[in-house]
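We did not get these values from a lab; they are worked out from the coordinates using the rules stated. These numbers come from a predicted model, not from an experiment. Every residue, glycine as well, gets a Cβ built from its backbone with ideal geometry; the counts of neighbours run over all protein chains shown.
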Amino acid sequence: MKYLVVTCIVVLIALQACTKVKHQGINSDLAAAFDFNKGSYWIYRDSLTGQIDSFYEFQRDFVTQLSANKQYSTDQITMHVLQSNATHTDYIEWHFLLGEDEYGITWFNKYGEFTPLFKYPYQLGGRVYSMSQNIVTNVYPSYTVNSQIFNNVVLVNDSLNGPPPQTSYWNDWFYIAANVGIIKMKLYHPYDSINRVWELQSWHIVK
């Protein structure tokens, strides 16, 4: 009986070792560079129309997911958009996502969601597929928007092409500065007539 108990204990330990979950935490450098808390806001001007829109942080959640015996943590920062023109409801809700090594943006509207990702510290290149791409095309030591100089800026391009006659669903460019967030967005969506060039005017970060 003693040997049976010992055998059962050994088997249980072996099973636990086989199914042990490896925790993947949020990259500390990434978290430090994009640590935005409730009360943070960003005000943008569309250089094509002159329209002023503002983003403000609505809530922040830590989400844990399990995949292939690995536990991934995501820091999800939810942004709401206040638009000066009430008829423009292109981007009802945005999420900034901080993961193990990556930073992502997701927005929700009637057309679905969109997620560009890049690694931090910044790395050139990214994901290229037959009809879409999400790549870091440049990293700038400094970049000027609205006469303001921002340091450590990455340029991300995300595009999706469709079969003819629909040649492009979207072709977007994001300029993102560490410790500030998105400083410039070029959003071109022919399929739903969205064309924006949002440039950061002012901001307030709560750490």
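The table below lists the values:
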quantity	calculated
Aspartates and glutamates with Cα under 13 Å of Lys207, excluding same-chain neighbours fewer than 8 positions away	Asp35, Glu57
Hz values of 3J(HN,Hα) by residue in region 131-147 - Karplus curve (6.51, -1.76, 1.60), Gly and Pro given as x	10, 8, 8, 9, 9, 8, 9, 7, 10, 10, x, 8, 8, 9, 10, 6, 6
Label-point gap, in nm, between Ser168 and Ile205 - each point 7 angstrom along Cα→Cβ	3.1
J(HN,Hα) series, region 182-189, from Karplus relation 6.51 cos²θ - 1.76 cosθ + 1.60, nearest Hz, glycine and proline x	6, 9, 7, 9, 10, 10, 10, 10
For region 91-207, size of Cβ-based charge dipole, Lys and Arg +1, Asp and Glu -1, in debye	220
